[in-house]
Structure formats: C-alpha cells, structure tokens
Amino acid sequence: MAFTKLSIRTAGADASRGSISADETDIWTIFRALRDARCVFGLRPGHIQTLQAMLSFLKPGHGETVFASNDSICQRVGGIDERTLRRHINRFVELGFIKRNDSSNRKRYRVRSSGGECISYGLSLTPLLQRASELIAIAHEMENNRRDRIFVRKQILTKLAHLEEHDPSNTFINHARKALRRKLSLPEYHALLADTDRECQSLHTPDDPPETIELPANDGQTVRHQSKSEKEKKDLDSNIDNEALKPDLLTSVCDQATSFSTERLRNWLDIENHARTLAPMMGIHPETFEKAKEAVGAQKASCAIFIMLQLGKRIRDFGAYFHSITLGQRRDQFDPVVLIKRLSKPAMQTAYCPPRWTSGRQLVQ
C-alpha cells in the first residue's frame, strides 16, 4: 500500500490543539492516530479496516474524495457485506470524519467546467484531515498513559517479588496479583503501588522494641565494655561457635561450591566473598545475604550457602531455606560444625538429609 501525502490546512477550530505545524501531512499518520484512539470514539476494528480501504483509493493531487463504488470498497476490505459497509460509513458521518456529497443519481464522480471549477460527488474525507491535530494529540496522550501504566505495573511486580521473598505467606501478595490480572487504570495502578509500598515498609518495621542494657546499681562503677554494638557481639558469638570449623575442612567437604571458584579459597574472607557471589545464582537476594550476615555472622551465613549447594536437589527452594536457617525460626538450630562433620563421612555423602528440617516439607524434599 503506497503512502499518500495530501495538502491539508490546519487552520480552524481544531488547529489550536496544534501538534501539526506543516501544511503537508502524511495521511497515514492521521489514520494511525485514529486507529490508536478508536476506543475514545467507540470504533471497532471493522470500522478501522473500512477506513483504511477507503484511504487506499485516494491518489496524490486528486483531492480528498473517495469515488470508488461500495462494491469496490467491500472487495478491498476483504469481502464484507455491503450493509456492513454502509453502517461503517454512517458511523464515520455521525462522528464528523466523513461528509457525503451525493449526486442526483447517487453515483460518485467528478465534473469540471471550462474555467477549471470542479465539483466532486462521493465520500469526502476532508473533515478527517482537518481534525488531524485533535486525533494526533489524543493518540499521543493515550500512548503516554499506556507507558505510565506499564511503568507503574513493573514497579508493583518488583516490589511483590521482594515481598514474596521475605514473607511468602503474606496474603496481600495474592490479592495484588489477582488485581493485576485485570486491565487497571493509571489511578488504580498508583493506588495499588501505594498499598504495596506500605506492605514492604512493614517488613522493615521491628516488631519488638530494642533491648535496653541494664547498668549496675552502683553509680560509681563504670562498665566500659557496654559501649560495644550489638552487631559486634553477634559476630563475636558466631566466630566462637565456628572456631572448631577450619576453612580447609569446609572447602574440601563442600566441593560443589568450591568448584565454582577460579581461585583457591584460603581464608574465611575468601569464603565469604565466594558465598556472596553464589547467593544470587541460587535465587537468594544479595540484601537477604547481608541481613543474614548481620544476624548470624559472616561465617555462618557463608557456611549455609556452601552446605545448601552441597545438598543440591534435596532442597526445593534455596531462598526460603536460607531465610529459615539464618533469619527465621530455625536459625538457632543451624550448626555448621555438626553438619560439616556429618557430610564429611563417606556414607553421608549420598544418604544425608538434615534431620532438624525434615518436618518442613515445603523446604526440603
């Protein structure tokens, strides 16, 4: 289908909307604008196909009137019924996009006088072309609205994934996903995003008040060690618990995790950096790993990554399992030293399954 350019004047009542400044406009740009904004005018795809067929009969320099017969237009649309064509044309006339210039015998043709004056009988598309600025402005506004809805929707999905990772049992997740199945308006998307933000913020709100440090009753006694932070205390306790576990023993027993390293893991710092690299590959968010590091210590969090990867398919969901043994209710039961010693036994390499978590079938197969 050839692209046709017609000379149209944008001056008039609709030219004040003004996205078109040139006198010459691509007619197919106007058609695409009406196609994208058809729901505003109550048009169906069949109407758009009929208009496309009518525009294809226009020729450069021959005006904006369609002289083709109804039968020719029906064939070009694809063989629609003539009554359907008439309904489509009447709809465009009602909307003010087409104007009928009927001859006495209802035929469509053009006549010229000797002085060059011309009279065209047919379906005039001049009203459609004169409303080019209006249609393009509406289509542009609808496109911006569509892009904004997609942008807000992606934000909601990202926050829901974050919420599901930290709190899979949250009932708001199912409610939000059911709402996203419908075609929401932009204000509805913004309202859902605000609700999702509130749910995410509730995850970071501590449920229990921080423990207060009890000072001795004697005012004259100074206890300087009380100034140490809680984080340092957790790391110290973690290092004491893992004192019996050597880096060489961990890397030799958990050879699955070690095989992904290109360099030798000599100390706990190397093991921690390697575990931080493996965590996203296992579906564990980096932020979750950092929280686990603060909660149980760097060594325990790193050992959890190595042990989980060694267990392999016995763990159904690495992210939920890691959260359970480092941040959840089972973190006090997680003892890397005991697990590594059991995994180091040849008989346990193929038959071992952590007995403390066999009841959580949603985590361990």
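The values are calculated or read from the model by the stated rules, or taken from the named source; none is laboratory data. Given the structure is predicted, the values throughout are model-derived calculations rather than measurements. Every residue, glycine among them, receives a Cβ derived from its backbone with ideal geometry; neighbour counts consider all protein chains shown. Side chains are part of the model used for accessible areas, which takes the heavy atoms of the whole protein and leaves out ligands, DNA and RNA. Shrake-Rupley method; radii C 1.70, N 1.55, O 1.52, S 1.80 Å.
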Q: Collect the residues in segment 289-308 that are part of a helix (DSSP H, G or I) and more than 20 Å from Gln256 (Cα to Cα), keeping them in residue-number order.
A: Glu290, Lys291, Ala292, Lys293, Glu294, Ala295, Val296
Q | Close pairs (6 angstrom Cβ cut-off, 6 or more residues apart or separate chains): under 16 Å from Gly319 (Cα atoms) in segment 159-186, part of a helix (DSSP H, G or I) and open to solvent by 40 Å² or more (accessible area, probe 1.4 Å) anywhere | A | Leu163/Glu199; His166/Leu203
Q: Only one of these is at pLDDT below 85, out of contact with any helix residue (DSSP H, G or I) (no Cβ under 7 Å at 6 or more places or on another chain) and open to solvent by 70 Å² or more (accessible area, probe 1.4 Å): Arg331, Arg361. Name it.
A: Arg361
Q | Residue in segment 57-65 that is at pLDDT 90 or above, of a type outside the set (A, V, I, L, M) and either open to solvent by 70 Å² or more (accessible area, probe 1.4 Å) or out of contact with any strand residue (DSSP E or B) (no Cβ under 6 Å at 6 or more places or on another chain) (or both) present | A | no
(Q) Looking at segment 13-33, can you tell me whether even one residue there is within 21 Å of Glu134 (Cβ to Cβ), open to solvent by less than 90 Å² (accessible area, probe 1.4 Å), modelled with pLDDT under 90 and over 42 Å from the mean Cα position of the chain (by Cα)? (A) no
Q: Note down all Cβ pairs under 8 Å where the first residue falls in segment 66-83 and is among the hydrophobic types (A, V, I, L, M, F, W, C), the second is assigned to a loop (DSSP other than H, G, I, E, B) and modelled with pLDDT of 90 or more, and they're at least six residues apart or on different chains.
A: Val66/Phe57; Val66/Leu125; Phe67/Phe57; Ala68/Phe57; Ile73/Phe57; Cys74/Ile80; Cys74/Asp81
**Q.** Condition met for Ala292 (in contact (Cβ under 8 Å) with a residue 40 or more places away in the chain and either small (Gly, Ala, Ser) or open to solvent by less than 20 Å² (accessible area, probe 1.4 Å) (or both))
**A.** no
Q) What number of residues within segment 259-288 are surrounded by 16 or more Cβ atoms within 10 Å (Cβ to Cβ) and either part of a loop (DSSP other than H, G, I, E, B) or out of contact with any Phe, Trp or Tyr (no Cβ under 8 Å at 6 or more places or on another chain) (or both)? A) 7
Q) Can we say Ile138 is surrounded by 13 or more Cβ atoms within 10 Å (Cβ to Cβ), at pLDDT 90 or above and closer than 20 Å to Gly42 by Cβ? A) yes
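Within segment 101-117, is there a residue that is closer than 30 Å to Val40 by Cα, acidic (Asp, Glu) and open to solvent by 60 Å² or more (accessible area, probe 1.4 Å)?
Yes, that holds for at least one residue.
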